[in-house]
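Q: Here you go, one structure.
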Amino acid sequence: MSEVLCSPTPVTTKEGIHALLKDKGGEEYYRQMKNLWVDQVALGRDLERTCKSRTRTWLSICAHCAMCADSCFFYKANDNDPKQIPSYKIQSTLGEMIRKSGRVDTEFMINAMNVAWGQCTCCNRCGVYCPHGIDTGVMFSYLRGLLFKHGFVPWELKIGSGMHRVYGAQMDVTEEDWVETCEWMVEENQDEWPDLEIPVDKENADVMYILNAREVKHYPEDIAKAAILFHVTGTNWTVPSKGWENTSLTMFAGDWEGCAQNVKRVYAAVDRLKPKMVVGTECGHAHRATVVEGPYWAGRDSGEPPVPFLHYVEWVAMCLRTGKLKIDPAKKIKVPCTLQDSCNYVRNHGLGKITREIMSYIAEDFREMDPNGDHNFCCGGGGGLNGIGRYRNERNVALKHKLEQIKATGAELVISPCHNCWDAIRDMVEVYEEHNLKWTFLKPLLVDMMIIPDHIRHNEI
Amino acid sequence: MMDFITGPLFALSLLIFVGGLGLRVILYIRGLDAKLERVAYNFHFSRSIPGALVSIGKWLIPGGTAGWRKQPVAAAAFFLLHVGAIFVPLFVLGHTVLLEDLTGISLPSLPGELADVLTIATLCGLVLLVARRLTSPALRQLNSCQDWLVLAVTILPFFTGLMASFDTASYDTWCILHVLSGELFLILAPFTKLSHIALYFMSRAQLGMDYAIKRGGATRGGAFPW
């Protein structure tokens, strides 16, 4: 009898994570899922307790008018497949589960999982196109929570949720790893920037910077670039040794308890270090998890974080606006470029004007996608989809839609201040062999094109 | 017969309609949960109320939203249906007399010709919606029995009302059918998708508040651009 890998219990130990990681691709995990028993009484009770008038009304007044169909990139990318209409997807999963008061079987739950993670990224665009204001993305997020609680969650997200619960980060990055990475990045850049520092746990700083564990583990140069930009702008800043992880795979997984743990860790760092504001890295879902949804998970009635929490784009725009960061006109982007709006902080947090303000400083030939801003399409890999092997084909098909949108602008460079969008664009370039298309975060662009003030010591390397 | 269906039965139907929809609105509001939905309904009124009003209002204007502009044919059918569906039942002469007799409330009435035109427009809208439901692969995936029931229940009072106005020879029969089908509509409304008559305003207000309170209301600069 092999070890239990697939169960409703969240992973809370290193051993649990290792056991799951050993099961390459989740083969055994998904095999076990086929026999995972559905606790129908508990599911019925969960629905009774948490499915209130908003969701029930949405499902019951849906006029089946199909106005949402064209709003969904999955529908479009799959040649208008009627099974990809948001209304159909939610009615045949959550709707059916409610109509049956939770009396559904394992096969139903696995199908619901496939739809909730493989056919929806919770981008919330359909809600913008529904005359009745039915936000199917919100309902899919709710459905993910129910599925997670009952053990029906994709393998990678079970692991991701476990990572957060065990390491306080989406990857196995310990506090020591993190602080050492900061020291390493300072050393690495000291020849070029002799006064560069990454102050850890400094109290009463103007800015506390929080980031994405991927940057620590895979892209430490991104931390160096953030440090250089804080240094050059004369920002009094710090990073916390604990509570530095801004992301939340738990949100993608529907692990609400894990979400609360994450955001509380960050808010505890705020309590401890008392910064005037917090700035988060170029990540969309992290911003949503910590700033938009996070206050609620942390039990803050007003829905506001304890101090102002800025997305990186807000901080950059502020620096450009106030002249703390100056761009060398000769180094502005000359090639045609476009901007990928992250659903999580543009549609769902209104920062579209801010990113365009940045473009006005740095790009000579900026081209909008159509549609854009609050009406943008998801990159195709949001909501956790990028990371789920089981739905790789579905994701790759979905990427086509964004790729066509990008190509229609004629841009050669896509600026993507969001990790998930960045990954999706990297993958679409590879999958569809569009090798002339480049993509980038903001930080490397800014470091290359900023004017270094005279008082900052800098050696050309 | 006519006295009964335009008297006690009408009063009962109206009571079910108004009371039922009122109750659904109350239950909707009472069922909202700031913690579960993660929307601080009791905070930020200065932006949540305008957000709710814009969310309701823009969708009431033809071409007022990106959604309507993207699908002009569907939008035309919806507006053809809804303009008549709201104004004719409320303001057609026979109805205003009936309402005044029953409740003492006196409403202005529409000129007969205008009521006929609006009724025909409503029926055209309904026919377009039926055609759309039958022909569009997307809608065929979604169609349910209730969708057809709701369409039928809406078509009947308008069709019979129009016939009563034009087919004067059978006026009494059409009139009885019209009153009965109208009452069927009133009775079914709170229990079917027709409840959107009231819940549209709740649902739209909620999403408008959601965007205004949580999803960028403080940073976007103005209400969500629907």
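The values are calculated or read from the model by the stated rules, or taken from the named source; none is laboratory data. Worth saying up front: this structure is predicted, and the values here are computed from it rather than measured. Every residue, glycine among them, receives a Cβ derived from its backbone with ideal geometry; neighbour counts consider all protein chains shown. To get the accessible areas, we keep the full protein, side chains included, count just its heavy atoms, and leave off ligands, DNA and RNA. Shrake-Rupley method; radii C 1.70, N 1.55, O 1.52, S 1.80 Å.
Q: Could you work out the local net charge near A:Pro336, counting Lys and Arg as +1, Asp and Glu as -1, over the other residues with Cβ closer than 15 Å to its Cβ?
A: -1
Q: While we're here: What trypsin sites (Lys or Arg not before Pro) does the stretch A:422-461 have in DSSP loop regions with at most 14 other beta carbons within 10 Å?
A: Listed in order of number, the matching sites are A:Arg457.
Q: State whether the stretch A:299-368 is rounded, prolate or oblate according to the following rule on the C-alpha gyration tensor (a ≥ b ≥ c being the square roots of its eigenvalues): a/c under 1.5 gives rounded; otherwise a/b larger than b/c gives prolate, and the remaining case gives oblate.
A: In terms of gyration-tensor shape, oblate.
Q: If you don't mind, another one. Alpha carbons only, please: Rg and Dmax for chain B, in angstrom.
A: Taking only Cα atoms of chain B, I get Rg and Dmax of 19.9, 64 Å.
Q: Something else: Tally Lys/Arg at +1 and Asp/Glu at -1 over every other residue whose Cβ is under 12 Å from the Cβ of B:His196; what's the total?
A: Charge balance in the 12 Å sphere: +3.
Q: To the nearest 10 degrees, how steeply does helix B:145-166 sit against the main Cα axis of chain B, on a 0 to 90 scale?
A: Helix B:145-166 and the main axis of chain B meet at about 40 degrees.
Q: Another question, then. Which is farthest toward the positive dipole end of the protein assembly as shown among B:Asn42, A:Tyr30, B:Leu162, measuring Cα position about the Cα centre, with Cβ charges +1 (Lys, Arg) and -1 (Asp, Glu)?
A: Result: B:Leu162, furthest along the dipole toward the positive end.
Q: When Lys and Arg each count +1 and Asp and Glu each count -1, what net charge do the other residues less than 14 Å away from B:Gly31, Cβ to Cβ, add up to?
A: Combined, the nearby Lys, Arg, Asp and Glu give +4.
Q: Set the Förster radius R0 to 56 Å, insert the Cβ-Cβ distance between A:Glu197 and A:Ser101 as r into 1/(1 + (r/R0)^6), and round the FRET efficiency to 0.05.
A: 0.40
Q: Run through all the Cα pairs of the stretch A:37-153 and give the fraction in each 5 Å bin from 0, expressed as whole percent.
A: With 5 Å bins starting at 0, P(r) equals 2, 12, 25, 25, 19, 11, 5, 1.
Q: Now for a different question. Loop-only trypsin sites (Lys or Arg not before Pro) in the stretch A:11-61, please: DSSP not H, G, I, E or B, and at most 13 other Cβ atoms within 10 Å.
A: Taking the stretch A:11-61 and a limit of 13 other Cβ atoms within 10 Å, the loop trypsin sites (Lys or Arg not before Pro) found are A:Lys34.
Q: Say the cut-off is 25 Å between C-alpha atoms; which of A:Lys242/A:Lys274; B:Lys35/B:Lys193; A:Lys225/A:Lys326 go over it?
A: B:Lys35/B:Lys193
Q: Over the stretch B:2-213, average the accessible area per residue using a 1.4 Å probe and give it in Å², no decimals. Can you show the working numbers first?
A: Details: 10500 Å² over 212 residues.
Roughly 50 Å² per residue, with all protein chains present.
Q: To the nearest 0.05, what FRET efficiency results for A:Asn204 and B:Glu113 with a Förster distance of 60 Å applied to their C-beta separation?
A: In this case the efficiency is close to 0.20.
Q: Right, another one. Mind putting a number on the dipole of the protein assembly as shown about its Cα centre? Charges go on the C-beta only, +1 for Lys and Arg and -1 for Asp and Glu, and I need it in Debye to the nearest 20. Could you put the intermediate results ahead of the total?
A: On the way: 69 positive and 74 negative charges, 243 e Å.
In debye, rounded to 20, the protein assembly as shown gives about 1160.
Q: R0 = 25 Å: FRET efficiency of A:Lys326 with A:Ile461, Cβ-based, nearest 0.05?
A: 0.70
Q: Hey, which of these cross-link pairs are over 18 Å Cα-Cα: A:Lys52/A:Lys264; A:Lys34/A:Lys89; A:Lys76/A:Lys402?
A: A:Lys52/A:Lys264; A:Lys34/A:Lys89
Q: Also: Any aspartates and glutamates with Cα under 18 Å of the A:Lys332 Cα? List them, leaving off those in the same chain fewer than 8 positions away.
A: In chain and number order, the partners are A:Glu357, A:Glu364, A:Asp365, A:Glu368, A:Glu412, A:Asp448.
Q: Could I ask something else about it? I'm checking a number: the convex hull volume of the Cα atoms of the protein assembly as shown, normalised per residue, in Å³. What is it?
A: Value for the protein assembly as shown: 166 Å³ per residue.
Q: Build a GNM of chain B with springs between Cα atoms under 10 Å: which of B:Lys214, B:Lys193, B:Lys35 gets the top mean-square fluctuation?
A: Taking springs between Cα atoms under 10 Å, the residue moving most is B:Lys35.
Q: Using DSSP to define loop residues, name the GluC sites (Glu not before Pro) in the stretch A:1-70 whose beta-carbon has at most 15 other beta-carbon atoms within 10 Å.
A: Answer by residue number: A:Glu3.
Q: Follow-up. What residues does the stretch B:108-138 have that are buried by at least 40 Å² of accessible area in the full protein assembly compared to the chain on its own, 1.4 angstrom probe?
A: In the stretch B:108-138, residues shielded by partner chains: B:Ala138.
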